[in-house]
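See structure below.
The values are calculated or read from the model by the stated rules, or taken from the named source; none is laboratory data. Bear in mind the structure is a predicted one, so any value in this text is a computation, not a measurement. Because the Cβ atoms are built from the backbone with ideal geometry, glycine has one as well, and the counts that use them run over all protein chains shown.
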Amino acid sequence: MTSAVTTRQDGFVDEDDFRIRVRAFLEEHARRNRRGEESEGAMGSADQSLLERAHVYQAALFDAGLAGLTWPKEYGGQGLAGRYQTIFNEEATDFHTPSFIYTIGFGMCIPTVLAHGSEDLKQRYVRPGARGDEVWCQLFSEPAAGSDVASLRSTAVRDGDEWVLNGQKVWTSGAHYCDYGIVLARTNPDVPKHKGLSMFIVDMRAPGVTIRPLRQMNGAANFNEVFFDGVRLRADHILGEPGEGWRVALTTLMNERVAIGAGQSTEKTTPLTPIAMHLETARSRGLTSDPLVRQDLADLLIRYWVLDMVGLRIRGAVAAGRVPGPEGSVAKLIGALLAKRSAEVACRVAGVSATAWSETDEKVPAATQMVLSAPGIGIAGGTNEVMRNILGERVLGLPKEPQVDRDIPFRDLLSS
Ligand SMILES: Cc1cc2nc3c(=O)[nH]c(=O)nc-3n(C[C@H](O)[C@H](O)[C@H](O)COP(=O)(O)OP(=O)(O)OC[C@H]3O[C@@H](n4cnc5c(N)ncnc54)[C@H](O)[C@@H]3O)c2cc1C
């Protein structure tokens, strides 16, 4: 059993000691990666066995004082600076852990509760979240509101001490195994679209919640349609004030882009990075002297380094207590383009077997998964086009996109 992190007399946690403890924990509770292995649940639906193993792992992490590293101590976190999370991520790249199901809760939902929740909500939800007792999802996108999520049509209407939620969400990752979600709904249609939204915590097992899985082209069924039919939300389960939902959602989206783009990147390159996987496939097919393959691998490596640099900058901003700005969107864009490029290289080195393989070949299905999964990375958390708009407006200072519906009450818009 690993003991909790020790603190030096000057009040700081010793970084070397911390790294040793993280590694000792992982050696005891996780297993070392095998080549080409995906995170469990990343590609397929999480089954009951994965959920149970994830819970056991996360509870052990919590008991060892290694969960919620940067979250405040009074809510069950460790109150550590962002660089400790980086150390943890660096050590964890060598290990296979079942914690994929917590990605959205840890990366987006709980940080939003911490930033905008009342004291009671923080006391109620952060600790069980950190311990993995409760799993979270994010309910923003709707059939007619993805990139322009502020156009959403789900409504929440106040009724005494409750709000009544009606509407439909779509592409909700993990909804089928989640306990709670953060849901964005329209609470005032008489004001322009961004001003009439509110964010709530919803119990995913409440009466009136229906969850239907959607199958993706990579074979996974990790997405869902979620229907709300007269779901009762407690009035004190709002994040921020009524009408402040857009501001709250921006916190979630910013965290999401940082998590997708730079959250996992570390300075440490392991033999399991996609480049090493491509290199090994190239070796096995006698392609390491092929100038085009060499050029592709070098090009990929440079792009990874660029992403690492942007990631460093973001982690530096977080460590200094700043909320990352458009660099989160830039990292998300670079990460998505890199995934697409890496999938192309996977096809080049694997050749025709990237699309036609035998069941005994361990490597090629991984290449195929990369090809089938890369497009989704360019859509989730904001599409590449939307990221480029943010980059153009907020980094390059180009004129803003025309938004003809920005100042018109939502009720008067043609689509409403
Ligand atoms: C793997 C994955 C996981 C996801 N998980 C979740 C989740 O857990 N919760 C959740 O709420 N949502 C989730 N989503 C949904 C995701 O946020 C939306 O798919 C995304 O915001 C795009 O919305 P859309 O699909 O409606 O496309 P649309 O907004 O309809 O866009 C269609 C096309 O138009 C382009 N476009 C739209 N607006 C502009 C513009 N202003 N300028 C230039 N081009 C534009 C887009 O780039 C795209 O190519 C997930 C999606 C994926 C792929």
Members of region 373-386 that are among the hydrophobic types (A, V, I, L, M, F, W, C), part of a helix (DSSP H, G or I) and within 9 Å of the ligand (Cβ to nearest atom): Ile377, Val386
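Being under 16 Å from the mean Cα position of the chain (by Cα) and surrounded by 22 or more Cβ atoms within 10 Å (Cβ to Cβ) is the filter; apply it to region 108-131 and report the residue that is farthest from the ligand (Cβ to nearest atom). Full working, then the answer.
Within region 108-131, the subset under 16 Å from the mean Cα position of the chain (by Cα) is 108-113, 129-130.
Still in the running and surrounded by 22 or more Cβ atoms within 10 Å (Cβ to Cβ): 108-110, 112-113, 129-130.
On the way: Met108: 9, Cys109: 10, Ile110: 15, Thr112: 13, Val113: 16, Gly129: 16, Ala130: 20 Å.
Selected residue: Ala130.
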When every residue in region 388-416 that is part of a helix (DSSP H, G or I) and among the charged types (D, E, K, R) is compared, the one nearest to the ligand (Cβ to nearest atom) is Arg388
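Report whether or not Leu391 is surrounded by fewer than 16 Cβ atoms within 10 Å (Cβ to Cβ) and within 30 Å of Pro324 (Cβ to Cβ). So that I can check it myself, show each step before the final result.
On the way: surrounded by fewer than 16 Cβ atoms within 10 Å (Cβ to Cβ): no; within 30 Å of Pro324 (Cβ to Cβ): yes.
Answer is no for this residue.
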State all residues of region 175-199 that are in contact with a helix residue (DSSP H, G or I) (Cβ under 6 Å, 6 or more places away or on another chain) and surrounded by 24 or more Cβ atoms within 10 Å (Cβ to Cβ); if no residue qualifies, say none. Ile182, Leu184, Lys193, Leu197, Ser198, Met199
Is there any pair linking a residue in region 282-301 that is touching a residue at least 60 places away in the same chain (Cβ under 8 Å) to one that is assigned to a helix (DSSP H, G or I) and of a type outside the set (Phe, Trp, Tyr), with Cβ under 7 Å and at least six apart or on different chains, and which? Ala282/Val293; Ala282/Val349; Arg285/Val349; Arg285/Gly351; Leu287/Val293; Leu287/Val349
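If you check Leu139, Leu152, which single one turns out to be touching a Gly at 6+ places or on another chain (Cβ under 7 Å), within 12 Å of the ligand (Cβ to nearest atom) and not polar (S, T, N, Q)?
Numbers: Leu152 fails: touching a Gly at 6+ places or on another chain (Cβ under 7 Å).
Testing whether each residue is touching a Gly at 6+ places or on another chain (Cβ under 7 Å), within 12 Å of the ligand (Cβ to nearest atom) and not polar (S, T, N, Q) leaves just Leu139.
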Within region 170-207, work out how many residues are within 13 Å of the ligand (Cβ to nearest atom) and in contact with a Pro (Cβ under 7 Å, 6 or more places away or on another chain). 2
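Kindly establish whether Glu241 is part of a loop (DSSP other than H, G, I, E, B), farther than 30 Å from Leu312 by Cα, modelled with pLDDT of 95 or more and charged (D, E, K, R). Show your work before the answer.
Details: part of a loop (DSSP other than H, G, I, E, B): yes; farther than 30 Å from Leu312 by Cα: yes; modelled with pLDDT of 95 or more: yes; charged (D, E, K, R): yes.
In short, yes.
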Within 12 Å of the ligand (Cβ to nearest atom) and either polar (S, T, N, Q) or in the same structural domain as Val22 (by TED's automatic domain parsing) (or both): does that describe Gly105? yes
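Residue-by-condition table, conditions (1) closer than 24 Å to Pro111 by Cα; (2) part of a loop (DSSP other than H, G, I, E, B):
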| site | (1), (2) |
| --- | --- |
| Pro213 | no, no |
| Asn218 | no, yes |
| Ala221 | no, yes |
| Asn224 | yes, no |
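Report yes if some residue within region 334-355 is among the β-branched types (Val, Ile, Thr), in contact with a helix residue (DSSP H, G or I) (Cβ under 6 Å, 6 or more places away or on another chain), more than 11 Å from the ligand (Cβ to nearest atom) and at pLDDT below 85; otherwise report no. If you could, list the steps in order and put the result at the bottom.
Narrowing region 334-355 to residues among the β-branched types (Val, Ile, Thr): 334, 345, 349, 352, 355.
Filter once more, keeping what is in contact with a helix residue (DSSP H, G or I) (Cβ under 6 Å, 6 or more places away or on another chain): 334, 345, 349.
When the remaining residues are screened for being more than 11 Å from the ligand (Cβ to nearest atom), the result is 334, 345, 349.
Narrowing the set further to residues that are at pLDDT below 85 leaves none.
So far as region 334-355 goes, no, none of its residues is among the β-branched types (Val, Ile, Thr), in contact with a helix residue (DSSP H, G or I) (Cβ under 6 Å, 6 or more places away or on another chain), more than 11 Å from the ligand (Cβ to nearest atom) and at pLDDT below 85.
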